Amino acid sequence: MPHTLQKSIEHQRARLIELLGAPLKQYAATLQTRLQDRQLLDEQLRLIFKAIDHCKYVYVLDTQAIQISSTLNRYGLELSDYQRDRSTRPYLQHIQDEKIDFNLSAAYISRNKKRPSLTAIQTIRNAQGQRLGFLGVDYDLRELPHSEMIYEEPSKWRQIKGDPAIRQGLFTQERVESLLDQQIDHVLSVHEALVVDQGVHDFQLHFSASRSTIWHVDDPYVYRILTMEELADTNICLAYPRRPYFERAIVPQEQVKQILRQFKALRFADEVIYLRTASLNIVNGKVGLNFSCDGTHYLSYDEFLSKGLSFWIGGETTHQAVNIDLIDKEKLDQSIDTLATQGCMAVHLLLAKLENDEIPSALKNYTKAERDYIYQELKGVMNIYENNVCGL
């Protein structure tokens, strides 16, 4: 089962409760007869502090969460904490429930050191079960043992809203052609080469800012920024050693080009709602998209490829030819050549069926975008050559 962030937190808390719960109950039992004498209480806390692993502070509170001891730490006693009211602190929100004996707080930022911390509160009871006070133990998260289990990024689609100010002014803006836009086919080909052949496993393409940020498998802890001047120079590929397609990649090698092609389509799909930044990590298979409305999406590569432009833009795009960017034109051109060899009459018949919204048997296995591309190409060929070639 995948270790989600919440599952990882729950697992770590359960481990800490098991580690801390039983010992604190034993220590709390030694405090019952000392609660009325501050000196005896502090002396006992010295012994408890030495016995508890990993703790930062130890103290005792009365039933109203007023401190009745000094605070013990590794340097000794903090006398100034005597009579401190801790009732509003996050680790004492359970104080009204008299049935609770042990409580491990959620993580919080400490008041003094501003560090992520946890507090364990153990109820002190007499032999009759009456609540007499609380033993409090503070922990710095840095010093607690950890399960070493790192959570896995969720696979489900995640959508994150951006700056409201940008969304409010969305329809008063339009895409401005960037330097990267002007050379986008070249830049995308460079990225394909870097990913497929030269060890880049993660990248972020900033279309509007005309730059890219990349991470290389040989040095994964460091990112490198490529400006448009560097991206425009194909020699950049010489700066990176040749590497086989990364063995940990879950994105099929042949689909890297398709993902890049769809990035381009979303960049030019609409002049108002357009792709501003896109990212791909071939190891976890995640695609990241940030649009001009400042909305951000994170989803799996296969789900991304399954969505058409109308899903993202929400209607007709301003560029009629955008869908062409999502198809394999090289493959379709070969099909067009084969169809053209069947003669003018056969081509005219095929075009007529397409114009009447019929699907010719030869094109039944093609998508609508692919059929539209074939129609436009064959129509253009016939317009140019029909008099000279067909003699009509």
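What the table shows:
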read-out	value
Inter-residue pairs, beta-carbon under 6 Å, first under 18 Å from Asp202 (Cα atoms) and in the stretch 256-279, second at pLDDT below 90 and charged (D, E, K, R), 6+ apart	Arg261/Asp325; Lys264/Asp325
Where a residue in the stretch 341-356 is in contact (Cβ under 8 Å) with a residue 12 or more places away in the chain and surrounded by 12 or more Cβ atoms within 10 Å (Cβ to Cβ) and its partner, wherever it lies, is hydrophobic (A, V, I, L, M, F, W, C) and part of a loop (DSSP other than H, G, I, E, B), with Cβ under 8 Å and at least six apart	Cys344/Leu392
Test for Val283: is it among the β-branched types (Val, Ile, Thr) and modelled with pLDDT of 95 or more	yes
Matching residues, the stretch 232-268, being among the hydrophobic types (A, V, I, L, M, F, W, C), surrounded by fewer than 16 Cβ atoms within 10 Å (Cβ to Cβ) and over 27 Å from the mean Cα position of the chain (by Cα)	Cys237, Leu238, Ala239
Residue tally, condition at pLDDT below 95, in contact with a Ser or Thr (Cβ under 6 Å, 6 or more places away or on another chain) and not in a loop (DSSP other than H, G, I, E, B), over the stretch 60-80	3
The stretch 274-285 - residue that is crowded, with 23+ Cβ neighbours inside 10 Å and touching a Gly at 6+ places or on another chain (Cβ under 8 Å) and, of those, farthest from Ile184 (Cα to Cα)	Leu280
Of the criteria (1) part of a loop (DSSP other than H, G, I, E, B); (2) touching a residue at least 40 places away in the same chain (Cβ under 8 Å); (3) closer than 19 Å to Asp328 by Cβ, which one Pro252 fails	(2)
Filtered residue count, the stretch 180-196, keeping only those that are buried (at least 18 other Cβ atoms within 10 Å of the Cβ) and farther than 16 Å from Gln258 by Cβ	4
Selection status of Glu271, part of a helix (DSSP H, G or I) and surrounded by fewer than 16 Cβ atoms within 10 Å (Cβ to Cβ)	no
Residue check, Glu152 within 30 Å of Gln26 (Cβ to Cβ), among the acidic types (Asp, Glu) and at pLDDT below 95	no
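Conditions (1) closer than 14 Å to Leu61 by Cβ; (2) touching a Leu at 6+ places or on another chain (Cβ under 9 Å); (3) of a type in the set (Asp, Glu), marked per residue:
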{"site": "Gln83", "(1), (2), (3)": "yes, no, no"}
{"site": "Thr88", "(1), (2), (3)": "yes, no, no"}
{"site": "Tyr91", "(1), (2), (3)": "yes, yes, no"}
{"site": "Glu98", "(1), (2), (3)": "no, no, yes"}
{"site": "Asn103", "(1), (2), (3)": "yes, yes, no"}
{"site": "Ala107", "(1), (2), (3)": "no, yes, no"}
{"site": "Asn112", "(1), (2), (3)": "no, no, no"}
{"site": "Thr119", "(1), (2), (3)": "yes, yes, no"}
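The values are calculated or read from the model by the stated rules, or taken from the named source; none is laboratory data. Predicted model, so just to flag it, every value in this text is computed and none were measured. Note that each Cβ is placed from the backbone with ideal geometry, even for glycine, and that neighbours are counted across all protein chains shown.
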